[in-house]
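The structure appears right after this line, and notes come after that.
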Amino acid sequence: MATAKQELGAWGETEVAKKCACPSCKRPKTLKRLPTNFKCADLICDFCGYLAQVKSISVRTLDLMPKQILGAAWGPQKERMDAGIYFPLFVVLKAPTDFAIYYLPSDFQSPALFAERAPLSASAKRAGWQGFMYVLSAVPDGALVRLL
Ligand SMILES: [Zn+2]
């Protein structure tokens with residue numbers, strides 16, 4: 001059974017796929033969800049092959065962008081950054097009665113956006129696993145564009 005966090009993630013990806021045109025080829029409804037175990041991206045455009053990540057977060061109000069959002073595994077992210085690879089990111093804010101979709105092009109991403117977290121403690125279910133945070137406060141002003 002999916003956890004609440006996985007359900008929120010799946011919901012956000014579906015909303016972006018339904019409502020946002022592909023940022024690259026500009027076609028509507030071409031963004032498709034990739035399988036959950038596909039590591040580097042969440043959506044692919046089935047016309048031009050464009051890849052994007054989607055991060056969804058529950059918020060109390062849409063007025064304020066969270067300073068940080070929980071990312072994924074640090075290891076693969078670090079390897080991609082070391083190789084100079086960045087993926088465009090959709091951020092979906094889910095408030096109790098409404099939601100918003102923001103877009104952060106890879107052009108405005110830098111290593112400062114990705115903060116390494118401490119590995120999980122020995123008593124944790126996934127002991128030793130290490131994640132990262134998206135530090136949205138490190139993004140240049142105006143780089144996160146609200147689409148919806
Ligand atoms: Zn496209």
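Taken along its principal axes, the alpha carbon cloud of region 89-148 reaches lengths of 41, 31, 15 Å, longest axis first. For region 4-146, the Stokes-Einstein estimate of translational diffusion at 37 °C and a viscosity of 0.692 mPa s comes to 207 µm²/s, using the Kirkwood hydrodynamic radius over alpha-carbon pairs. Our note on the geometry: Cα centres of region 106-132 and region 24-92, 16 Å apart.
Axis of helix 4-19 versus longest Cα principal axis of the chain: the two differ by about 20°, to the nearest ten degrees. Taking every DSSP helix (H) stretch of at least 4 residues in the chain, weighting each as -39,500 (n - 2.57) and dividing the sum by the residue count yields a mean residue ellipticity at 222 nm of -5500 deg cm²/dmol.
What is the extension gain from A72 to R146, computed as 0.36 nm multiplied by their sequence separation minus the C-alpha to C-alpha distance, in nm to one decimal?
Details: separation 74, 0.36 × 74 = 26.64 nm, distance 2.29 nm.
The A72-R146 span can extend by a further 24.4 nm.
The alpha carbon gyration tensor of region 32-91 gives principal lengths a ≥ b ≥ c with a/c of 1.5 or higher and a/b no greater than b/c, which makes the shape oblate.
Of the cross-linked pairs K26/K55; K19/K78; K19/K55; K32/K125; K19/K125; K18/K94, those separated by over 26 Å at the C-alpha level are K19/K78; K32/K125; K19/K125. Counted by Cβ distance under 12 Å from R33, the other residues give a net charge of -2, where Lys and Arg count +1 and Asp and Glu count -1.
Taking the chain as a whole, the Cys residues whose C-beta sits 4.7 Å or farther from every other Cys C-beta are C20, C40.
We did not get these values from a lab; they are worked out from the coordinates using the rules stated. These numbers were taken from a predicted model, which means no experiment stands behind them. Here the Cβ is made from the backbone with ideal geometry for all residues, glycine too, and neighbour counts use every protein chain on show.
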